[in-house]
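Chemist: There's a structure below that I have some questions on.
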Amino acid sequence: ILAMMTSWERVSMALADSTLLKNSGTRFIPQLPGEDKDGYQARISKFVHVPWFEELTELAVHKLFRKTLNFHTEDETLKEWAEDVDGSGTDLEAFWKLVTKIAIQYGHCHVLTDMSTDVVPRTLKEQAELAIKPNLFVIKPQQVVGFRTKRVAGRERLTQFRYLEVAQKEDGRYGSIWVDRVRVLEPGKFELWEKPQGGPDDWTLIEEGTYDLDEIPISTVYGRREGVLISAPPLLEVANLNLLYDLALCDHSHQMSVAATPILVLKGFDEHQPDLTVSVNRALAMPPEGDVNYVQTDSASFAAQENYLKFLADRMNQTAIVGFKEQKNAAEAAAAK
């Protein structure tokens, strides 16, 4: 998990908004040698994040779900469940689009199946009357704090799964606070630990119990699988190029704003002359050996920067999954499609 966190951090930065990246300061936008604090703030004020990476992952999901997800069943209860799989009104197709998107961005995504209830039904009829149904929950890879596996009958089996969740608790009559919790799942049992607010870093067991399964109800969808619950973001280099593009665009925007105004140079001019005003309606009287001219930046340097930005944009498209950016015009067989 610690090894994968480096890649996840780069992906999260590529998915962040401009304000969040600017607030990260020198951790993302380095301060140049000899650049003072005011100059640095003036430069990063021009920073704007261009969401290339997010757009390409959205396009990837759209390509994978070109056709509507078909869920065939004669069971009316399952049909009803497919319209709301998480208890929040999300249908099955929308849920799997979200899972697929996270797997493409971070390398994998977990899905927890839960069927919690305060009243344990004794029969299927009683279960139907209580309207109890399983819910699916997305667990992002960043939430997982640890896991254990064991090889059983030639297959790798998950024996422990620990993940971080955030819960809201009442604070007084009107307030509320957010607390960190870690849920520990093992075959047939679970524990819920909570971190106290403002106290020592000692976690407290607040709940534990059992469930009627001999396995942990976790499913994992992989974008690029490298092992059990181990993966690599398939579009990591696109995220890196996106961040490099943002930095290059920031520098280019700042240089353009500075160099857009030419500097007036006066040669042989009395600097103590009062009421010096320069405008299109005035003229400057210079001594015979004097001169007046404007100094401005050569436009060739800006053209080179713009070509570099175009190169990075093209490189991102080339690095992304083939066919996600441009449609193919050639005829394809059904299997190829």
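The values are calculated or read from the model by the stated rules, or taken from the named source; none is laboratory data. If you're wondering where the values come from, they're calculated on a predicted model, not measured in any experiment. Neighbour counts run over all protein chains shown; Cβ positions are idealised from the backbone, glycine included. In case anyone asks, the SASA skips ligands and DNA or RNA and just uses the protein heavy atoms, side chains included. Shrake-Rupley method; radii C 1.70, N 1.55, O 1.52, S 1.80 Å.
Chemist: Can you name every residue in the stretch 1-27 that is in a loop (DSSP other than H, G, I, E, B) and surrounded by fewer than 18 Cβ atoms within 10 Å (Cβ to Cβ)?
Modeler: Ile1, Asp17, Ser24
Chemist: While we're looking at this one, here's another question. How many residues, within the stretch 63-79, are more than 26 Å from Leu235 (Cβ to Cβ) and in a helix (DSSP H, G or I)?
Modeler: 4
Chemist: Please enumerate the residues belonging to the stretch 131-158 that are under 31 Å from the mean Cα position of the chain (by Cα) and of a type in the set (Val, Ile, Thr).
Modeler: Val138, Ile139, Val144, Val145, Thr149
Chemist: For the stretch 47-62, how many residues meet the condition of being open to solvent by less than 10 Å² (accessible area, probe 1.4 Å) and in a loop (DSSP other than H, G, I, E, B)?
Modeler: Number satisfying all stated conditions: 1.
Chemist: With a cut-off of at least 1 residues that are surrounded by 15 or more Cβ atoms within 10 Å (Cβ to Cβ) and out of contact with any helix residue (DSSP H, G or I) (no Cβ under 7 Å at 6 or more places or on another chain), name the strands (runs of 3 or more DSSP E) lying wholly within the stretch 140-214.
Modeler: Once the strands (runs of 3 or more DSSP E) in the stretch 140-214 are filtered for at least 1 residues that are surrounded by 15 or more Cβ atoms within 10 Å (Cβ to Cβ) and out of contact with any helix residue (DSSP H, G or I) (no Cβ under 7 Å at 6 or more places or on another chain), what remains is 144-152, 155-171, 175-186, 189-194.
Chemist: Something else about it: Quick test of your reading of the structure: Gly188 fulfils all but one of (1) in contact with an Asp or Glu (Cβ under 7 Å, 6 or more places away or on another chain); (2) modelled with pLDDT under 90. Name the failing condition by number.
Modeler: (2)
Chemist: Is there any pair with a first residue in the stretch 296-318 that is surrounded by 14 or more Cβ atoms within 10 Å (Cβ to Cβ) and in a helix (DSSP H, G or I) and a second that is of a type outside the set (Gly, Ala, Ser) and modelled with pLDDT under 70 whose Cβ atoms are under 6 Å apart and which are 6 or more apart or on different chains, and what are they?
Modeler: Close Cβ pairs satisfying both conditions: Asn317/Lys325.
Chemist: Would the stretch 49-60 turn up any residue that is more than 29 Å from Lys310 (Cα to Cα) and free of Cβ contacts under 8 Å to residues at least 60 places away in the same chain?
Modeler: Scanning the stretch 49-60, I find no residue that is more than 29 Å from Lys310 (Cα to Cα) and free of Cβ contacts under 8 Å to residues at least 60 places away in the same chain, so the answer is no.
Chemist: Follow-up. Are any of the residues in the stretch 89-104 within 13 Å of the chain's Cα centre (by Cα), among the charged types (D, E, K, R) and open to solvent by less than 80 Å² (accessible area, probe 1.4 Å)?
Modeler: Yes, the stretch 89-104 contains at least one residue that is within 13 Å of the chain's Cα centre (by Cα), among the charged types (D, E, K, R) and open to solvent by less than 80 Å² (accessible area, probe 1.4 Å).
Chemist: Same structure again: Can you name every residue in the stretch 105-122 that is open to solvent by 20 Å² or more (accessible area, probe 1.4 Å) and part of a strand (DSSP E or B)?
Modeler: Selection gives Thr113, Asp114.
Chemist: Going through the stretch 63-88 one residue at a time, which ones are of a type in the set (Val, Ile, Thr), open to solvent by 60 Å² or more (accessible area, probe 1.4 Å) and at pLDDT 90 or above?
Modeler: Answer for the stretch 63-88, where residues must be of a type in the set (Val, Ile, Thr), open to solvent by 60 Å² or more (accessible area, probe 1.4 Å) and at pLDDT 90 or above: there is none.
Chemist: Oh, and also: How many residues are touching a residue at least 40 places away in the same chain (Cβ under 8 Å) and open to solvent by less than 80 Å² (accessible area, probe 1.4 Å) when one looks only at the stretch 215-227?
Modeler: 8
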